[in-house]
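Notes follow once the structure below has been shown.
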Amino acid sequence: MPAGDTIFALSSGAPPAAIAVLRISGPSAVNSAEALAGSVPEARRASLRTLRDASGEVLDRALLLVFPGPDSATGEDLVELHVHGGRAVVRAVSAALAAMPGLRAAEPGEFTRRAFLNGRMDLNEAEGLADLLSAETEWQRRAAGAMMGGAFSRRIEQWRQDVLALSALTEAELDFSDEGDVDTQNNVEITDSCKRLHDAICTLVHAPGVEKLRDGLRVVLGGPPNSGKSTLLNALVARDAAIVSDIAGTTRDVIEVPVSIGGIAFLFLDTAGLRDTTDDRIEAIGIERTHAAMESADILLWLGEEGAGPDHPNLVEIEAKADDPAHLRKDSGAVKVSAKTEEGMADLVATLTEKAKGLLPPPDQFAINVRQRTLLAQCADALQQAAEAQDWLITAENLRQARLALDAMTGRAHTEDLLDTLFGRFCVGK
């Protein structure tokens, strides 16, 4: 994908729609708009134009806007055509653009990739934009917005400047300590500052990550056969996702159902009923998978005997089948529910959302992904080694490694494979 090409794509939703927005970016963007419209308006001023193809046939009446580079979304000349959103109109205008020399259809994520390469955003902001485009819940939207807004990148830049300052002090110790004009407090300052930076970065490394926001908290329903797991699952997700039967062992495998509750993404897992022994090999496999699911659960809803569930930090005792006089009773700390009468369902949902708030990043703050967490951990490790080093050369090298990790965070240091993976997540036109 040569950077000097001029690209175009539909940037709004798929037609039909009231309005469709086609974007053109690159050195020939303005000339191509002139070829279509005869003339272009002043920069950043919408103006109505008649669009014609090379033969002079009218294609549409559209609003045209010009955004000269480098002060544009992509960092290069950018034109937007706001046309009527019918399929035939979009197809005709796109065909006219494709017929122009030097223009080609954009690849997925190419507009955003050009924005990154031209310094209009860094990798963290680009990842935030990708998460924003795929956000399905309110918490996902707010976390992605915080990342895309640059708050995280500003923090990384501040840490980078702190590391640069420490590197300068270390170089002074290396080069000029024998001249007597270096502050003797530098040793303590460098060591203490490395420790403070290390602790601050580790706090973020160990904070809840964006994966739980994106993939959903894993809520596993566990208990013996016929304890009401499948019925409760169906009530929680408001549909018949699991087969319900009085026959013990009906659920043989783990059933996963994603759902959003209160703006939070959950992944509910119905599991095979637990019992000590079974002659059914298939049921035995299901029980093994149940144990594995409970071990990986973020929240475990236990419908068995009170206190008989596994040791789990977020276990919720459920007193199910409250409508049945013969139901298994638990103490006052359990959530008493009936999936049939909906008794206690609101309390259970409130319990789930309250526990979720402690397992997810705050909705008004950014949440880091695996790439970011890995690089921050590398930076923190380098800072710790710099603080513990007894040789200034080793300290200087570890500070350099810390700075390289922070540079990789924002894209100052990157690989083409990383960029291909990131921008491949975007749709065409973004």
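Computed quantities for the displayed model
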| quantity | calculated |
| --- | --- |
| Loop-resident sites, region 314-379, for GluC sites (Glu not before Pro), counting at most 14 other Cβ within 10 Å (DSSP) | 342, 343 |
| FRET efficiency, residue 254 to residue 353 (Cβ-Cβ, R0 25 Å, nearest 0.05) | 0.60 |
| CD proxy at 222 nm, helix term only [per DSSP H run n ≥ 4: -39500 (n - 2.57); per residue of the chain; nearest 500] | -14000 deg cm²/dmol |
| Spacing of the two label points (7 Å from each Cα toward its C-beta) at residue 87 and residue 400, in nm | 6.0 |
| Simple label model, 7 Å out from Cα along Cβ direction - residue 371 to residue 391, nm | 3.5 |
| FRET efficiency, residue 312 to residue 71 (Cβ-Cβ, R0 60 Å, nearest 0.05) | 0.65 |
| Pair residue 168, residue 282: separation of 7 Å Cα→Cβ label points (nm) | 7.1 |
| Cα-centre dipole for the chain with unit charges at Cβ (Lys and Arg positive, Asp and Glu negative), debye to 20 | 2040 |
| Fraction of antiparallel bridges per DSSP, the chain only, in percent to nearest 5 | 65 |
| Using θ = phi - 60° and Karplus 6.51 cos²θ - 1.76 cosθ + 1.60, couplings along region 310-319 (whole Hz; Gly, Pro as x) | x, 6, 9, x, 10, 7, 10, 6, 10, 9 |
| Calculated FRET value between residue 61 and residue 5, using beta carbons and R₀ = 35 Å, to 0.05 | 0.80 |
| Residue 268 long-range amide H proximity, modeled H, under 5 Å | 219, 257, 259 |
| Option label - P(r) over Cα pairs in 20 Å bins from 0, in percent computed here, alternatives [x] 21, 35, 33, 11, 0; [y] 24, 56, 21, 0; [z] 24, 54, 16, 5, 2, 0 | [x] |
| Interchain or long-range residues, amide H under 5 Å from residue 86's placed H | 17 |
| Stretch gain in nm, segment residue 275-residue 45, where the contour uses 0.36 nm per residue and the Cα spacing is subtracted | 75.7 nm |
| Within the accessible area of the chain (1.4 Å probe), percent carbon and sulfur | 51 |
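The values are calculated or read from the model by the stated rules, or taken from the named source; none is laboratory data. Just so it is clear, the model here is predicted, and its values are computed rather than measured. A quick note on method: Cβ atoms are made from the backbone with ideal geometry, for glycine too, and the neighbour counts reach across all protein chains shown. In case anyone asks, the SASA skips ligands and DNA or RNA and just uses the protein heavy atoms, side chains included. Shrake-Rupley method; radii C 1.70, N 1.55, O 1.52, S 1.80 Å.
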